[in-house]
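Taken together, the values in this text are just the output of simple stated rules run on the coordinates, not laboratory data. A quick note: this is a predicted structure, and the numbers were derived from the prediction, not measured. In this analysis, Cβ positions are derived from the backbone assuming ideal geometry, glycine residues included, and neighbour counts consider all displayed protein chains.
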Amino acid sequence: MEFNAKIGFVGDVILKTRGKKNPFSYFIHEFNELDLLIVNLETIISNKAFIPSKRKSVLFKTEEKNLVWLEEFKDKVLFCLSNNHIYDYFEEGYNDTIACLNRKGFMFCEYNNSKVIYLKGKKLNVNNFNLTGDWQKEYKKVNLNYVIDAINIVAVHWGKEHLILPAPYQIKLAEDWLSRGFKIIVGHHSHTLNPIERIDNDKIIAYSLGNFNSFQFDIKPSFLNLYSGLLTVLIKGDSLSYHMMPCYIDDNYSPKPTVLNFIDTINNEYLKYKRKPFWKQDVIFKFHTAPEFFRNNIVGGFFPRIRKNGWKEVFPFIKWFFTRGFLYMCLIPFSTMFSSTKTLRRLKKYKLNEKEEISN
């Protein structure tokens, strides 16, 4: 009998809202239509008080009661725990998150690990790992697990923040995983939507799904930080296709469906970029990265840490500025030579007309 299933994927979720309303209320119908929903849990879950990391400018922690918003879907939700915020409160916070999820009966994939689940009698093998920071060093810690006669999936936290293109190494890694038999690759961490690609009718790559129930707390969010979507992968026998339902995150951190669809614009920039040889991709990506890398490290990184921890953070800032920071600052004036950076800037500044653009 042919295997048919709908698997949903969303990006960063912190299980918080500014109001009392369920932040996922606009997607209840869509969640009900899915057979499985794979979620990047970008926060610890705990009712306890922990000593936080002093080195980070943004820390995520939410109460156990907020799991009620997804409780009706707990038999189909799989939380992925591999990201750069799951250890915001060190090992104690991570362990209590696992304890909370176990108490509430949710499925989850532990940090840098894999999990096999059964969906309609078919094995699904989900590999989940974190490659933020020094990705080469982090990748050495990963035990990539391939399961025969399963649909093998990679859910990976990786890449640079606030961009629309993947780094050249991400393209190479994705190609390597596909060559090993993995069928679906879904990423997050960039806080922006990245390209989605269907290959040979039986493979899907979504480099990053951006935020979903989240916000930018370190810098002023651009339009792209608030634009995301629910990715549904449709499996029909050996064929894979996808549908992207775009959304816009409101002031309550709640994703609302929208008729705006910029995924084709992002994909077009990616296809031009991907056709280049590796060394040209590397050059383009450095210029594409420069403005966001410089701004994010200063406004969203060093300045908050200086305010938080005092003068001891000044020397690391000076050291960074006169090494990597100065180099990227010099690239900024020339970054608009490339169409991808022009497109990035245009989408960041987009102004949403809610009356016309938000669907009912």
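In the chain, a dipole from Cβ-located charges (positive for Lys and Arg, negative for Asp and Glu) runs towards its positive end, and of Leu101, Ser214, Leu67 it is Ser214 whose Cα lies farthest in that direction. Taking other C-beta atoms within 10 Å as the exposure proxy, Ser208, Ser82 rank Ser82, Ser208 from fewest upward.
A Förster radius of 35 Å combined with the Cβ-Cβ distance from Val299 to Glu110 puts the calculated FRET efficiency at roughly 0.60. Once the Cβ-Cβ distance between Lys65 and Lys349 is put in as r, and R0 is 35 Å, what FRET efficiency do you end up with, to the nearest 0.05? Rounded to the nearest 0.05, the efficiency is 0.40. Simple spin-label estimate for Ile117 and Lys319 gives 4.3 nm between the two label positions (7 Å along the Cα-to-Cβ direction from each Cα). Counting other Cβ atoms within 10 Å as a rough exposure proxy, the listed residues Trp320, Trp158 run Trp320, Trp158 from fewest neighbours to most. Sparsely packed loop sites in the range 211-292 (the trypsin sites (Lys or Arg not before Pro) outside DSSP H, G, I, E and B with at most 11 other Cβ atoms within 10 Å) comprise Arg275. About the centre of its Cα atoms, the range 278-357 shows a dipole size close to 180 debye [charges on the beta carbon of Lys, Arg (+1) and Asp, Glu (-1) only; nearest 20 debye].
Among Asp238, Asp202, sorting on how many other beta-carbon atoms sit within 10 Å of each Cβ, with the fewest leading, yields Asp238, Asp202.
Its residues counted as N, the chain yields a C-alpha radius of gyration over 2.2 N^0.38 Å of 0.96.
Between amide H atoms placed 1.01 Å from N, distances below 5 Å from Asp250 occur with Lys256, all of them 5 or more places distant or on a separate chain. In this structure, the residue pairs whose Cα-Cα separation is over 20 Å, taken from Lys160/Lys274; Lys220/Lys272; Lys54/Lys141, are Lys220/Lys272; Lys54/Lys141. Taking trypsin sites (Lys or Arg not before Pro) across the range 146-182, the ones in a DSSP loop with at most 11 further Cβ atoms lying within 10 angstrom of their Cβ are Arg180. Could you list, in their original order, any pairs among Lys203/Lys342; Lys6/Lys236; Lys6/Lys256; Lys16/Lys351 whose Cα atoms are separated by more than 18 Å? Going by Cα-Cα distance, Lys203/Lys342; Lys6/Lys256; Lys16/Lys351 fall outside the 18 Å limit. A straight chain from Asp75 to Thr265 at 0.36 nm per residue would run longer than the Cα-Cα distance by 64.8 nm.
In summary, the aspartates and glutamates within cross-link reach of Lys104, defined as a Cα separation below 19 angstrom excluding same-chain residues under 8 places away, comprise Glu42, Glu63, Glu64, Glu71, Glu72, Asp75, Glu92, Asp96. Summarising the label geometry, the points placed 7 Å from Cα in the beta-carbon direction at Asp202 and Asp134 lie 3.9 nm from one another.
You can think of it this way: the chain between Val283 and Asn143 has 47.3 nm of extra reach, that is 0.36 nm per residue less the Cα-Cα gap. Could you compute the FRET efficiency for Met337 and Lys172, with r as their C-beta to C-beta distance and R0 at 30 Å, rounded to 0.05? Approximately 0.80, to the nearest 0.05.
Backbone phi angles across the range 191-201, fed through the Karplus curve with coefficients 6.51, -1.76 and 1.60 (θ = phi - 60°), yield HN-Hα couplings of 6, 9, 6, 10, x, 10, 9, 9, 10, 6, 6 Hz in residue order; Gly and Pro are listed as x. Length available on full extension from Ser241 to Asp218: 0.36 nm per residue minus the Cα-Cα distance, which gives 4.7 nm.
The charge dipole of the chain, taken about its Cα centre with unit charges on the Cβ atoms of Lys, Arg (+1), Asp and Glu (-1) only, comes to about 1180 debye.
The distance linking the range 143-203 with the range 322-343 is 26 Å (Cα centroid to Cα centroid, whole angstrom).
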